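Step one of this worksheet: look at the structure below.
The values are calculated or read from the model by the stated rules, or taken from the named source; none is laboratory data. The shown structure was predicted, so the numbers you read here are calculated from the model rather than taken from an experiment. Neighbour counts run over all protein chains shown; Cβ positions are idealised from the backbone, glycine included. SASA here: full protein model, heavy atoms, side chains in, ligands and nucleic acids out. Shrake-Rupley method; radii C 1.70, N 1.55, O 1.52, S 1.80 Å.
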Amino acid sequence: MRRIYESDALSRDDEDPFSPSESDERSRKMIDWEAASHAFLPVWLRDRAVSVDLETNKDEYEPGEPVRWRATFRNRLPFPVRIVTETPELWRWSVDGVDRASEVPARIPDRKSVINFSRGERKVVERRWKPQIQVTEREWEPLESGEHTLSVALNVDRPDERDLVSETSFTITS
């Protein structure tokens, strides 16, 4: 008579076809939550999930003094969010409506991309910009004295309407 511990009866996989195997455990951990949230969250909710904040280190600058600014993009939801961008450039900035403070067109591929935010994630961009506008490939003009507007937005279609933009004002003194 054979004893049960000497047989293969305890290690048979075909006894319960619904019990999870090792490969099932690994596949459960491989879920792409950003893609899943993108599939189930409507665009208006994804837009409301992300906040855009912009701040400069000072309100007034001397002519030629660098302007330091910080943009913060934050997912306010407790689950991941994915937003489709117009180009691989995920965000953009401008001064007085001039993109990247340059009148020279940028060479950016014409294809969409995505920006992913983990749950509660904060993405911070800090820049130091010499207050000049690029007018040609090799020529820059200083910003005139007075009040100017700096803005930052996610690179999406109609960021103003979708509330994915922030702006602040600063003054160049004479």
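Just check the stretch 32-138 against the gyration tensor rule for me: Cα atoms, a ≥ b ≥ c as the square roots of the eigenvalues, rounded for a/c under 1.5, and otherwise prolate or oblate depending on whether a/b exceeds b/c.
Values: a/c = 3.34, a/b = 1.70, b/c = 1.96.
Oblate shape, in that a/c is at least 1.5 and b/c is the bigger or equal ratio.
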*asked:* In Å², and per residue, what accessible area does the stretch 32-174 have when probed at 1.4 Å with the other protein chains present?
replied: 60
*Sequence-distant residues sharing a close amide H with VAL67 (under 5 Å, placed H)*: TRP129, LYS130
*Determine, from the Cβ-Cβ distance of SER145 and PHE79 and an R0 of 41 Å, the FRET efficiency 1/(1 + (r/R0)^6), rounded to the nearest 0.05.*
0.30
